[in-house]
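Since every read-out is calculated from the coordinates, none of them should be taken as a lab result. If you're wondering where the values come from, they're calculated on a predicted model, not measured in any experiment. Please note: Cβ atoms are built from the backbone with ideal geometry, for glycine as well, and neighbour counts cover all protein chains shown.
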Amino acid sequence: MDLNKFFKAKNIAIVGVSKDPKKVGHVIFRNLIDGSFRGNIFLVNPNAYQILNKHVYKSLNDIQNEIELAIIAVPAKFVLNILKDCGKKKIENVVIISSGFKEIGNEKLENDVRELADKLKIKIIGVNCLGTFDAYTKLDSMFIPRYRLKRPKPGGISFISQSGAVGSAILDLTTSQNYGISKFISYGNATNVDESDILDYLGEDKETKVICMYLEGVRDGKKFLKIAKKVSKIKPIIAIKAGITEEGTKAVISHTGTLAGNSQVYYAAFKQANIINADSLEEMFNFARILEKTIIPKGDKIQIITNGGGYGILTADSVIKNNLKLAKLDKKNELLLKKQMPDIVIIGNPIDLVGDATTERYRVAIETCLNDNNVDVILLIVLYQTPLIDTTILDIITEANDLKKKPIIVVSTGGEFTDVLKRSLEDNNIANFTFPDEAVKAVKALVDYYMRK
């Protein structure tokens with residue numbers, strides 16, 4: 001299924017644009033303008049003549065230009081007639097924001113919409129969805145105002161979300177952490193474009209490096225499994241399954257009218273397709289950013305370097321709990337480090353550079369571990385509060401990471417000063433975490449994906 005025009009259309013029509021700035025259609029129109037969308041926008045409302053100094057058409061058929069994408073934001077009862085106009089206008093791609101379908105028990109209306117769309121060969125994202133966003137083309141059909149939800153910069157993570165609220169929260173978090181995304185798709189009730197179709201499209205999308213999915217249910221299990229197996233060989237897929245309890249399942253049905261299904265069946269399918277399962281939205285975000293930024297590890301042997309003994313112990317415990325291995329340095333490298341370091345430094349795993357660690361100690365330790373064949377991943381704990389570390393450590397870490405010899409992941413806990421330095425490293429494609437356990441879980445996801453691929 002070709003979904004390209006949902007993200008790269010040049011001529012867009014918004015049906016249901018009101019003069020009222022609080023109404024959904026108006027917000028979408030305003031978002032496209034404020035977001036510097038470079039295509040042409042055509043407004044449709046039979047009861048308006050001009051909105052924000054832009055001409056408004058009475059119907060889609062009054063527009064002389066070819067329309068590649070229509071965004072429908074009208075009450076549910078008018079959607080069928082608008083779809084008929086889309087058919088007459090030869091519009092093949094439609095986002096339907098409107099709610100009031102099977103999620104409230106109105107299955108007949110949704111079935112009628114699906115049947116008509118299939119007959120007219122119209123692809124629908126929605127109904128009952130938040131919309132879509134492409135960070136590269138600035139095509140933004142979401143109805144949340146930009147002052148409430150800032151749009152992320154371009155990047156390599158794409159999000160597929162059945163829930164608009166979950167998707168918008170993830171987008172907000174992504175933006176606040178200065179992460180970039182490629183595409184965001186809220187698909188709602190999946191009337192005739194489902195999660196499998198979107199997954200298949202993103203698998204071929206050159207701007208997408210990592211795919212995240214929030215799933216309440218899957219329309220066609222066999223189709224999903226077949227596509228997921230294919231896509232996961234190309235790029236990582238991270239999924240969070242909602243509705244894993246009896247109460248959650250009931251909530252899923254009332255939310256998008258979807259049957260949630262047995263969670264154990266989903267987890268088995270995820271494993272079979274090499275989909276990374278996340279237990280929380282926080283985990284999904286952590287997994288996505290390490291997979292986007294970090295090079296492929298050669299194995300599961302982790303070397304910890306720290307300037308805080310307690311942090312090193314917690315990290316070592318977490319490595320073992322997550323079924324990873326602690327690396328054992330080659331003897332010649334152990335001896336080399338002992339010659340170059342003060343006696344108080346502990347050479348092992350962790351390598352504890354202790355509280356008076358200098359930037360130079362970190363440089364020597366990192367270089368030695370990069371050149372040790374027994375080390376697959378370097379987990380670097382840097383507590384910036386200690387007095388002898390200066391900001392040149394950022395250059396040392398960045399230069400080591402740029403060599404692309406091994407994955408380097410950084411753990412730093414602290415306040416404002418720490419956050420500034422962490423952001424600098426993130427801007428240079430180095431994944432940073434606040435606590436050891438979240439970092440190790442993310443490393444586990446990274447290692448497992450590539451070892452099973």
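Let me know the charge dipole size of region 152-293 about its Cα centre in debye, to the nearest 20, where only the beta-carbon of Lys, Arg (+1) and Asp, Glu (-1) is charged.
Using only the charged Cβ atoms, the result is roughly 540 debye.
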- Message: Take residue 47 and residue 223, extend 7 Å from each Cα along the Cα→Cβ direction, and tell me the distance between the two endpoints in nm.
- Response: 3.7 nm
- Take the Cα atoms of region 152-293, find their three principal axes, and give me the spread along each one in whole Å, biggest first. 36, 30, 27
- Equivalent ellipsoid, the chain (semi-axes from 5 times Cα gyration tensor eigenvalues, Å): 48, 23, 17
- Task: Express the Stokes-Einstein translational diffusion coefficient of region 1-129 in µm² s⁻¹, to the nearest whole number, given a Kirkwood radius over alpha-carbon pairs, 20 °C and a viscosity of 1.002 mPa s.
- Result: 145 µm²/s
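Say R0 is 45 Å: what FRET efficiency, to the nearest 0.05, do residue 298 and residue 121 get from their beta-carbon distance?
Working from the Cβ atoms, E equals 0.40.
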- Query: Restricting the count to DSSP beta bridges whose residues both fall in the chain, what percent are antiparallel, rounded to a multiple of 5?
  - Reply: 15 percent
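Can you give the FRET efficiency to the nearest 0.05 for residue 417 and residue 80, using r as the Cβ-Cβ distance and R₀ = 60 Å? Before the final figure, lay out the partial values.
On the way: r = 58 Å, r/R0 = 0.97.
The formula returns an efficiency of 0.55 here.
Calculate, for residue 360 and residue 136, the FRET efficiency according to 1/(1 + (r/R0)^6) with r their C-beta to C-beta distance and R0 35 Å; round to the nearest 0.05.
Values: r = 42 Å, r/R0 = 1.19.
Computed FRET efficiency for residue 360 and residue 136: 0.25.
Where the only charges are on Cβ atoms (+1 Lys, Arg; -1 Asp, Glu), what is the dipole of region 295-452 about its Cα centre, to the nearest 20 debye?
In debye, rounded to 20, region 295-452 gives about 700.
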- Pseudo-spin-label distance residue 271 to residue 405, built 7 Å along Cα→Cβ, given in nm, is 3.7 nm
- Message: Need the full-extension length gain, residue 452 to residue 61, defined as separation in residues times 0.36 nm minus the C-alpha distance. One decimal, nm.
- Response: 135.5 nm
- Item | In Hz, Karplus ³J(HN,Hα) per residue of region 173-188 (6.51, -1.76, 1.60; θ = phi - 60°; x = Gly, Pro) | 4, 4, 5, 5, 8, 6, 8, x, 10, 9, 9, 10, 9, 9, 10, x
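Please give the contour-minus-distance gain from residue 233 to residue 332: 0.36 nm per residue of separation, less the Cα-Cα distance, rounded to one decimal in nm. Before the final figure, lay out the partial values.
Working: separation 99, 0.36 × 99 = 35.64 nm, distance 3.81 nm.
Here the segment from residue 233 to residue 332 would lengthen by 31.8 nm.
To the nearest 20 debye, what is the magnitude of the charge dipole of the chain about its Cα centre, counting +1 on the Cβ of each Lys and Arg and -1 on the Cβ of each Asp and Glu?
Numbers: 63 positive and 54 negative charges, 284 e Å.
Computed charge dipole of the chain: roughly 1360 debye.
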- Query: Which Cα, out of 154, 308, 280, lies furthest along the positive dipole direction of the chain (beta carbon charges, K/R +1, D/E -1)?
  - Reply: 154
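When 1, 284, 142 are ordered from fewest to most other Cβ atoms inside 10 Å of their Cβ, what list results? Write down the numbers at each step before the final one.
Details: 1 12, 284 23, 142 27.
So the ranking, lowest neighbour count to highest, is 1, 284, 142.
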- Could you point to the residue in 44, 63, 389 farthest towards the positive end of the chain's charge dipole, with +1 and -1 charges on the Cβ of Lys/Arg and Asp/Glu respectively? 63
